[in-house]
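Bear in mind that the values in this text are calculations on the coordinates, not laboratory data. Predicted model, so just to flag it, every value in this text is computed and none were measured. Methodologically, a virtual Cβ is constructed for each residue, glycine included, from the backbone with ideal geometry; neighbour enumeration extends over all protein chains shown.
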Amino acid sequence: MARRRKAPQVKRREHRQRNGEIITDSKYSFRFTYNGKRVTRSTDFTNKREAQAYVDKIFASDDNFEKFISNTFKDQQDEKLHDTDNHGKTFLEVLKNQGWLEWKTNPKLTSQQKQGRYYGVLQAKKISNALIKMFISTSSYDFFSKKNLQLITRNDAHNLSDQLWKNRTCKGVLCEGNPELKETIGNYKININSLKSFFTFCYDEVKIIETNPFQGIKIPQKKTMTTNNGWTKANSD
């Protein structure tokens, strides 16, 4: 009969950036020892109870644990390949190499499927569409997309974020300068979330960047605007 292992406790990891700033992960991780080595893995959960339940299930039996280990070290072999293929490449080149521009090859989607976990197809489609509009359909952000991925900094991320906010649209209409849409988030939210998904994957999953430049980039909260009759209402994205 498979024995029960003692499950480690989940916690959020802290990372010190090059500028000395300490940033805490939004997702919970756990550490364990395997073959004499300490291994840290992310749970992909932002809720502590859900993260701990996920870890408890892994360590509930030898069968569950060995299956997890098999997937973990297979992923690590894939990571080495990714690292070799993408070293010295630009942001756009890595974006293409990893398959982010086509929802069916979204690496986050395929990674979750390997683990038997759900990752929304709709979300994968939104991400690919957003990335194509930002970096394929226009040359407005070439200053970012043509930069070496490993050399992208927090300043680069903030500069791109500022440009995306300035150029955000809602149903095809430019928000900036439009009295009725000025405070609307528009497509900025999906654009930033798509970039966060990519950089978090590169940092946490395949580990081809030393820091996550989009860690800490915050999406503005929904604003309120006054209608002609004096009532206020919350804007939609």
**Report entry** Percent breakdown of C-alpha pair distances by 5 Å bin, ordered from the shortest bin, for the stretch 90-234
**Finding:** 2, 9, 17, 21, 19, 13, 9, 5, 3, 1, 0
Requested in this report: List every residue whose amide H lies under 5 Å from the amide H of residue 29, counting only residues 5 or more places away in sequence or on a different chain, with H placed 1.01 Å from N in the peptide plane.
Outcome: 11, 12, 13, 43
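Ranking 34, 188 by Cβ neighbours within 10 Å, fewest first, what do you get? Let's see the in-between values first.
Numbers: 34 12, 188 21.
Ordered by Cβ neighbours within 10 Å, fewest first: 34, 188.
Go through 48/166; 6/48; 108/133; 104/182; 96/218 and tell me which ones have a Cα-Cα distance over 24 Å in this structure.
On the way: 48/166 35 Å; 6/48 18 Å; 108/133 20 Å; 104/182 35 Å; 96/218 26 Å.
As for pairs spanning more than 24 Å Cα to Cα, those are 48/166; 104/182; 96/218.
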**Report entry** Cleavage-rule hits (chymotrypsin sites (Phe, Trp or Tyr not before Pro)) in the stretch 105-165: DSSP loop, at most 14 neighbouring Cβ within 10 angstrom
**Finding:** 118
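Could you line up 68, 199 from fewest to most neighbouring Cβ atoms inside 10 Å? Mind dumping the intermediate values first?
Working: 68 18, 199 21.
Going from least to most buried by this count: 68, 199.
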Report summary line: Quick calc: nm separation of the 7 Å Cα→Cβ label points for residue 6 and residue 50 -> 2.9
